[in-house]
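First comes the structure, then the notes that go with it.
Taken together, the values in this text are just the output of simple stated rules run on the coordinates, not laboratory data. Just so it is clear, the structure is predicted and the values come from calculations on it, not from any experiment. Positions of Cβ are generated from backbone atoms using ideal geometry, with glycine treated the same way; all protein chains shown enter the neighbour counts.
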Amino acid sequence: MPPVIEARTDTATVSDDRPRPERLWRNGEFLRLWLGQTVSSVGSGIVKLAAPLLVLALTESSAIAGLVGGALLFPMVILGLPAGALVDRWDRRRVMIVCDVVRCLAVTSVPLAWLLGQLSAWHLLAVALALGAAQSFFNIAQLAALPRVVARRQIASAHALNTTSEGVAQLASPGLSGIIIAAGPTLVAGGVIAYGLNGLTFLVSILALAGIRTPLQAARPGSRDHTLWRSIPVGLRHVWQERPIRLLMALNMVHRFFFAPVMLTVVVLGRQELRLDPAAIGLLFSAAGAGGLAAAALTPWLRRRVPVGWHMIGIVAVHGLALGLVAASSAVWLVAIGLFVAGMMEMMTGITQVSYRLGLIPDALQGRVNSVYRLVSFGAMAFGTAGGGILLDLYGPRPVMGLIAASIGAIALGATLSGVRTLRD
């Protein structure tokens, strides 16, 4: 039997023709999907700061902290392609609920291990691997489900709202995490409490997702007749055939490789050179979150006026300049300004790329194409985070941040000489 090229023959569009509320705020199904993501994003943001601080408190090793950070991303490299193919076959709502259950159990094991006197960096590494494995499926399912609960014309706005919630999480979570950790009797105890609170947010997400009744995937007669390993290459072929997706994926890969260690670098910079406590370090990341929130409000306006290629080039260039300011500054307020702009650019690149490619991918391929994109992206971030931890132990935070900034600037220059500049909406 000849292979089925689903990217060309599938009649399902990005969104079906069923009527939907004119306003997103009146769309109950979208709001449930959005609420689940928002609450769990807040909890995950709390742990995102707690994890490196907790590892550093247990081991004083930036390399091990980088390994734990990379462990959150490595499963996405291994599971990314099969996860995309399976999400296109399975019930996406059920996939997200199961993933939230797994993540809830993983993070709540940290306070249990601490109470039993068994908490170690290796336990945190195992938790990170479990979180990364579940997130491999959850992120792809959530992204692929979005066009099923909103009209096609609302995709960019809906994704911007999703990103706004991530911006709110990035704004509030680090400061909240720093306060929680600082309020603990010890740094370790505060970090453990942060993990426990993350477990509660996953429970809220499970309840929100359980209320969704809209089918989150189009009917695909006969799609189950094809084996998993025959369906995966369909997504790879689609990425290769769609030049705009291929170009953005390459730019995204090198960009994310170099900015992946930024969070760990800022944590080490705050502890070692700025002499900040966990609450103050959390406020630095809240500045980056405020930038992300500003990006969510500004990006839709820019997307209507600036071609996607030049938009991406500008984002990367400004990102490099902002991180250069962080590397060169000894004043905390200048570091905060640099992180605000860097957070804005990092969030803006996500909104721009995702909203652009969602409009190009058929519903039947959403999981597989997005999984290819995320495989490359998270693979780059995993190796970048682990490598950054090693460099921090060898050279310290300022040289590493300077290297990151210079590399991202070089990427922007290279993108202007590539086909990225020709991309249009």
| Quick one: longest stretch of the chain between exposed loop trypsin sites (Lys or Arg not before Pro), exposed meaning at most 10 other C-beta atoms within 10 Å and loop per DSSP? | 24-212
| For the chain, which DSSP H helices look membrane-span-like by this rule: Cα extent along the axis of 18 Å or more and mean Kyte-Doolittle of at least 1.0? | 28-59, 74-87, 92-115, 121-149, 187-210, 278-303, 308-328, 332-358, 397-416
| Protection proxy ranking, peptides 258-266, 113-121, average beta carbon neighbours within 10 Å, highest first | 258-266, 113-121
| message | At 0.890 mPa s and 25 °C, plugging the Kirkwood radius over alpha-carbon pairs of the chain into Stokes-Einstein gives what diffusion coefficient in µm²/s? | response | 113
| field | Debye, to nearest 20: dipole size of the chain, +1 on Lys, Arg Cβ, -1 on Asp, Glu Cβ | value | 1120
| field | Kirkwood estimate for the stretch 273-367, i.e. one over the average of 1/r between Cα atoms, Å | value | 14.5
| Just from the alpha-carbon atoms, what are the Rg and Dmax of the stretch 369-413 in angstroms? | 12.8, 38
